[in-house]
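Visitor: This structure is in structure tokens; I'll ask about it shortly.
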Amino acid sequence: MGDQFAMFASYLKTGLRALLQQKVHLALNLIGLSVGLAAAVLILLYVQFERGYDQMHPEAEQTYRVEQFFTPLDQRFPISSPAIIAEFQTFDSRIEGTRLFDSSLDVRPQDARLPMQLDYLAVEDNFSEYFLVDVLAGDLDTVLRDPSNIALSEDQSQRLFGRTNSVGETLTTDSATYTVAAVFEVPEQSHLHADALMLVSEADLDQPLLSNNALVYLHIPDDANFEGLLEGVSQALADKVYHERGVAEVMLRKLTDIHLRSQLSYELKTNGSRATLLTAAVLAGLLLLVASINFINMSIARSGSRAKEVGVRKTLGATRWQLFSQFMLESLMVALIAGFIAAILVELSVGAFSNLVNRPIVLEYFGSYGALLLLCSTVIGLLAGIYPALFISAFNAKRVLSGDLQRGNTAVWVRKGLLVVQGAITVALLIGSAILQQQLDILLNQDPGYQTESRLIVRDIDNSYLFWSDNQSLVTDISAMNGVRAVSPTDVELTQTYAQVSTLRIPGQTQADRLPPVATFGAGYDFVETTGIRLLAGRDFDAERQADWFTLGDTHATASAIVTASLARQAGYSDLDSVLGERWMIGEDNVPTELHIVGVVDDFQVGAATQYVGLALMVAGRSSMPEADLIIHLEPATALSTRSEIEAMLQQRLNRMDIHTSWLGADFSAMYQNQERQRTIIILFAGLAILLTCIGLFGLAAFSAEQRSKEVAMRKVLGASRMQIVNTLAREYMVLMAISVLIAVPGTYFVVEWWLSGFNVRASQNAGLYLIAAALTVAICWLTVAGISMRVASRKPGLVLRQF
């Protein structure tokens with residue numbers, strides 16, 4: 001044991017001495033490895049955090065959310081009917097479930113001047129069997145047993161009562177009084193978001209299969225026939241609700257997949273992005289790869305300076321295994337020192353990185369963070385050190401001591417191959433960053449078919465204030481305010497998605513050529529003018545024409561409607577003016593609605609550019625939604641002051657303290673926050689990868705130039721200029737970068753094309769961008785090599801030749 005310890009101490013001492021003798025080489029390796037490790041560890045902590053969502057819930061791996069894919073809208077939704085659990089249990093009696101209902105009410109704390117809106121989840125008494133929430137005070141079970149109790153989140157307790165523990169306080173509404181029985185906090189790594197929890201009413205649970213207003217979660221045994229379940233329930237839904245197959249398909253999503261794989265409308269909060277996570281993970285791998293390549297290349301390049309040491313030690317009896325162990329220990333020492341520096345860099349940058357990814361990244365030195373940093377440092381030290389250690393320990397003692405050092409072609413080709421890989425990575429990242437920037441610019445600056453400038457949205461107003469024919473004074477009063485150009489209610493959120501579809505009955509159409517159900521929403525007078533949607537034929541809904549508004553008769557209802565151009569054409573009206581005045585029917589219930597078509601508008605985008613665009617129908621004054629929004633077009637010069645006046649007026653008219661307003665332009669930009677985050681991450685870490693590539697090139701170029709200093713001196717004596725010498729030394733690297741471009745371009749093209757195919761509005765790939773990326777890569781390489789070469793070429797030939 002003592003001999004082994006002495007040998008290890010000898011290896012350690014020798015390794016430290018060798019590293020300190022090559023300070024530039026050591027500094028370059030430490031800079032490259034530490035920066036690469038720090039960036040990779042930050043990314044991997046983010047990946048680990050994102051993958052941990054919803055793992056804390058009971059039986060998370062056996063819990064699934066019921067979702068529906070509506071074919072007419074070409075969209076998937078996370079909501080379904082409360083009655084759908086019974087349909088699943090028809091096919092497998094072992095299935096159990098729970099239902100959540102997202103709702104809101106106006107509550108008044110004691111001594112409050114006005115009520116405040118409180119969003120809440122109405123849950124069943126088995127809620128705790130499916131979801132974990134941290135109870136900070138009180139008893140959640142009391143809330144799940146008694147409908148007169150309510151649980152508040154810590155934030156809402158602070159907002160409503162001014163303190164985090166409000167157990168025992170009361171909240172009053174127009175019809176009930178609730179006692180705060182618990183204060184809770186939903187774990188950060190949960191897709192759930194709840195400001196309050198209440199016990200759901202039996203009336204909500206007993207709704208028919210037609211109603212789609214619940215988030216339904218199921219516990220399904222692992223051995224269940226999932227394919228048969230989905231087929232059977234989808235068919236039951238078609239038979240009992242839609243009366244035909246193909247309108248909606250029932251789907252299941254595992255609870256632990258929701259955060260990364262579901263970016264659907266009507267989620268309880270904004271989820272993460274699997275594409276962003278994969279991009280981040282790939283970048284982490286590339287950064288570690290580039291840092292490792294630098295380490296390997298510089299170790300191989302500097303092997304000549306260790307050749308005599310290897311020869312002497314082999315002559316004195318050292319075995320190849322002992323030499324291999326020596327050089328592996330040196331590699332590990334460098335990696336662990338780089339890991340320590342990386343820890344400092346991570347500590348300095350974790351705050352900014354957390355803000356970038358919008359996640360609370362926590363550093364636990366004796367937890368996952370410390371283990372991850374140590375693991376990455378050790379693995380990089382081992383993997384990056386294996387080939388240099390094998391290569392150097394294989395030197396022939398006789399040859400190296402006689403001055404005949406033959407490195408062989410293997411090491412040369414390895415070094416060149418790794419440089420090609422680095423160059424290909426650089427080209428791919430440059431192209432990817434540029435395309436991502438172009439695509440995001442297109443998304444943010446696209447014409448969605450409506451105007452966003454100076455459009456104020458007032459959300460979550462009780463429908464009775466906006467769509468009831470005898471209660472239009474609110475809209476009228478707002479339209480009369482100074483600074484308001486136009487105002488109109490609507491029950492569709494332009495930056496979300498459609499919530500309703502309707503079956504059309506058009507005169508002259510048979511069952512065979514009947515249109516599929518189309519997206520339908522309610523709108524108010526002057527909707528086209530307020531939103532800035534382009535009117536192609538006909539007119540807007542007009543307050544001077546009372547017949548436009550939805551009116552309920554004895555046998556049927558009537559209302560005016562405006563259709564999109566694509567709907568009119570698909571209905572057989574190639575001349576858009578010819579559809580004006582037509583009478584269509586919607587609704588399959590006892591009181592259908594006769595629509596008088598008064599206008600045709602250009603197609604417009606509802607939701608993000610990855611969603612459905614096309615057939616849509618807006619009906620004046622008809623809405624089945626409990627709440628609706630106001631869209632208000634303001635004078636740009638006075639928009640901010642007018643917004644404040646509108647909020648103050650609405651507080652009085654709606655008798656509510658909190659009025660939710662936002663700018664349509666800001667909501668539009670927020671739709672693409674995942675893409676913006678993806679762009680920032682790629683640009684930032686692509687820049688780091690390029691920096692590490694330059695560090696590696698710098699180290700290799702410096703070594704190569706030193707090795708060829710005698711050749712450079714002879715060329716100067718023979719009349720070569722500095723630029724000729726620089727080009728001679730850089731030629732090898734230019735050839736390698738050209739090969740990198742040839743390898744990177746095809747692969748990058750297909751990957752980028754696949755990514756762009758997911759957008760309705762997309763950037764186009766052009767050869768110019770690829771040429772610019774290739775030229776920039778070659779230029780970076782040439783400048784890096786030229787900087788070193790110029791210094792060597794500036795030496796006096798006599799001083800250089802005198803050294804040989």
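Visitor: Look at the range 509-528 and say how many of its residues are buried (at least 16 other Cβ atoms within 10 Å of the Cβ) and over 15 Å from LEU494 (Cα atoms).
Guide: Count: 5.
Visitor: For the range 715-760, name all the residues that are β-branched (Val, Ile, Thr), closer than 30 Å to ARG795 by Cα and at pLDDT 80 or above. Walk me through how you get there before you give the answer.
Guide: So in the range 715-760, the residues β-branched (Val, Ile, Thr) come out as 717, 725-726, 728, 735, 739, 741, 743, 745, 748, 751-752.
Imposing the further condition that a residue be closer than 30 Å to ARG795 by Cα reduces the set to 717, 725-726, 728, 735.
VAL735, the sole residue that qualifies.
Visitor: Kindly evaluate LEU26 against the criterion of being touching a residue at least 40 places away in the same chain (Cβ under 8 Å), outside the structural domain of ASN213 (by TED's automatic domain parsing) and closer than 30 Å to SER299 by Cα.
Guide: yes
Visitor: List the residue pairs whose Cβ atoms are under 6 Å apart, where the first residue sits in the range 182-197 and is at pLDDT below 95, the second is basic (Lys, Arg), and the two are 6 or more positions apart or on different chains.
Guide: From residues that are at pLDDT below 95, the pairs are HIS193/LYS269.
Visitor: When the residues of the range 341-355 are filtered to those that are surrounded by fewer than 17 Cβ atoms within 10 Å (Cβ to Cβ) and free of Cβ contacts under 8 Å to residues at least 40 places away in the same chain, which remaining residue is nearest to LEU30 (Cα to Cα)?
Guide: In this case the residue turns out to be ILE344.
Visitor: Tell me which residues, restricted to the range 39-70, are buried (at least 20 other Cβ atoms within 10 Å of the Cβ), among the aliphatic types (A, V, I, L, M) and more than 22 Å from the chain's Cα centre (by Cα).
Guide: VAL66
Visitor: Given the structure, is ILE296 within 30 Å of ASP195 (Cβ to Cβ), in contact (Cβ under 8 Å) with a residue 12 or more places away in the chain and not in a strand (DSSP E or B)?
Guide: no
For every residue, the table says whether it meets (1) of a type in the set (Gly, Ala, Ser); (2) farther than 17 Å from ILE695 by Cα; (3) surrounded by fewer than 19 Cβ atoms within 10 Å (Cβ to Cβ); (4) assigned by TED's automatic domain parsing to the domain that holds ALA701.
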| site | (1), (2), (3), (4) |
| --- | --- |
| ALA744 | yes, yes, no, yes |
| PHE750 | no, yes, yes, yes |
| SER764 | yes, yes, yes, yes |
| GLY768 | yes, yes, yes, yes |
| CYS781 | no, no, no, yes |
| THR784 | no, no, no, yes |
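Visitor: Moving to a separate point now. If we keep just the residues of the range 90-106 that are closer than 24 Å to PRO221 by Cβ and in contact with a strand residue (DSSP E or B) (Cβ under 8 Å, 6 or more places away or on another chain), which is surrounded by the fewest Cβ atoms within 10 Å (Cβ to Cβ)?
Guide: Within the range 90-106, the match that is surrounded by the fewest Cβ atoms within 10 Å (Cβ to Cβ) is GLU96.
Visitor: For residues that are among the hydroxyl-bearing types (Ser, Thr, Tyr) and assigned to a strand (DSSP E or B), scanning just the range 561-598, find the one that is surrounded by the fewest Cβ atoms within 10 Å (Cβ to Cβ).
Guide: Here the answer is THR593.
Visitor: Being surrounded by fewer than 20 Cβ atoms within 10 Å (Cβ to Cβ), closer than 30 Å to VAL107 by Cβ and modelled with pLDDT of 80 or more, is that true of even one residue in the range 670-693?
Guide: Taking every residue of the range 670-693 in turn, at least one turns out to be surrounded by fewer than 20 Cβ atoms within 10 Å (Cβ to Cβ), closer than 30 Å to VAL107 by Cβ and modelled with pLDDT of 80 or more.
Visitor: Please go through the range 438-458 and give me each residue that is modelled with pLDDT under 90 and outside any loop (DSSP other than H, G, I, E, B), ordered by number.
Guide: GLN438, GLN439, LEU440, ASP441, ILE442, LEU443, LEU444, ASN445
Visitor: One residue is enough: does the range 247-255 have a residue meeting the conditions within 33 Å of the chain's Cα centre (by Cα), more than 19 Å from THR71 (Cα to Cα) and in a strand (DSSP E or B)?
Guide: yes
Visitor: Cβ-Cβ distance below 6 Å, separation of 6 or more or different chains: which pairs start in the range 489-515 with a residue that is farther than 30 Å from TYR465 by Cβ and end on one that is in a strand (DSSP E or B)?
Guide: ARG505/MET585; ILE506/TRP584; LEU515/LEU504
Visitor: Tally time: how many residues in the range 118-156 are basic (Lys, Arg) and in contact (Cβ under 8 Å) with a residue 60 or more places away in the chain?
Guide: Count: 0.
Visitor: Could you grab the pairs with beta carbons closer than 7 Å, sequence gap of 6+ or different chains, first residue in the range 553-568 and farther than 10 Å from VAL601 by Cβ, second one of a type in the set (Lys, Arg)?
Guide: What qualifies is ALA559/ARG622.
Visitor: Any chance the range 72-82 includes a residue that's surrounded by 21 or more Cβ atoms within 10 Å (Cβ to Cβ), touching a Lys or Arg at 6+ places or on another chain (Cβ under 8 Å) and over 16 Å from HIS259 (Cα atoms)?
Guide: yes
Visitor: Going by what's in this entry, would ILE695 be described as under 30 Å from LEU440 (Cβ atoms) and part of a strand (DSSP E or B)?
Guide: Details: under 30 Å from LEU440 (Cβ atoms): yes; part of a strand (DSSP E or B): no.
The answer is no for ILE695.
Visitor: For the range 177-191, how many residues meet the condition of being under 19 Å from ARG65 (Cα atoms) and surrounded by fewer than 19 Cβ atoms within 10 Å (Cβ to Cβ)? Before you say what the answer is, go through the steps one by one.
Guide: Initial filter on the range 177-191 (under 19 Å from ARG65 (Cα atoms)): 186-187, 189-191.
Now drop any that are not surrounded by fewer than 19 Cβ atoms within 10 Å (Cβ to Cβ), which leaves 187, 189.
Here the count works out to 2.
Visitor: Looking for whichever is surrounded by fewer than 21 Cβ atoms within 10 Å (Cβ to Cβ) and either touching a residue at least 60 places away in the same chain (Cβ under 8 Å) or farther than 30 Å from GLU732 by Cα (or both) here; the options are GLN437, GLN422. Which one fits?
Guide: Criteria check complete, one pass: GLN437.
Visitor: Shifting gears a bit: Looking only at the range 530-560, filter to residues that are polar (S, T, N, Q) and not in a strand (DSSP E or B); which one of those is farthest from SER488 (Cα to Cα)?
Guide: Step one: filter the range 530-560 for residues polar (S, T, N, Q), giving 530-531, 546, 551, 555, 558, 560.
Filter again for not in a strand (DSSP E or B), leaving 530-531, 546, 555.
On the way: THR530: 6, THR531: 9, GLN546: 15, THR555: 29 Å.
The residue in question is THR555.
Visitor: Those residues that are among the polar types (S, T, N, Q) and either modelled with pLDDT under 80 or surrounded by 20 or more Cβ atoms within 10 Å (Cβ to Cβ) (or both), I need them from the range 264-299; list them, please.
Guide: First pass over the range 264-299, keeping only residues among the polar types (S, T, N, Q): 265, 270-271, 273, 276, 279, 292, 294, 297, 299.
Selection gives SER265, SER273, THR276, THR279, SER292, ASN294, ASN297, SER299.
Visitor: I'm told SER402 meets every condition in (1) at pLDDT 80 or above; (2) farther than 20 Å from ALA779 by Cβ except one. Can you identify the failing condition by its number?
Guide: Every listed condition holds for SER402 apart from (1).
The values are calculated or read from the model by the stated rules, or taken from the named source; none is laboratory data. Computed from a predicted structure; not experimentally measured. All Cβ positions, even for glycine, are placed from backbone atoms using ideal geometry, and neighbour counts span all protein chains on display.
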